[in-house]
Amino acid sequence: MDNINVSDPPARITTITSKKLSAKRAQTRIQAFLDDFENRNSTLKGGDKTVTVQLQKLNQALLDESQKRRKSAGEGR
């Protein structure tokens, strides 16, 4: 096993490119990732579910945002 110093902060990830996505498109991609991730890391294996829970919250927030935009666009007509 590697010697890991838990007092060291995690590595920072920096982007080198970015691409604009609609909330709906981002939500679709996150949902696909979550489905795949959960299939590979079933709860039977145990482990930390923190990342999964945070992605589920982000996914729900994007879905809510998309629904609010659709609703407000419909009221503006």
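Read-outs: derived from the displayed coordinates by stated rules, not from any lab. Since the structure is predicted, the reported quantities are computational estimates derived from the model, not experimental observations. In this analysis, Cβ positions are derived from the backbone assuming ideal geometry, glycine residues included, and neighbour counts consider all displayed protein chains.
On full extension, the segment bounded by residue 61 and residue 37 gains 6.7 nm, given 0.36 nm per residue less the C-alpha separation.
Given their separation in residues at 0.36 nm each and the Cα-Cα distance between them, residue 50 and residue 68 gain 3.8 nm when the chain is fully extended.
Local charge for residue 59 was computed over the other residues whose Cβ lies under 14 Å away, with Lys and Arg +1 and Asp and Glu -1, and equals -1.
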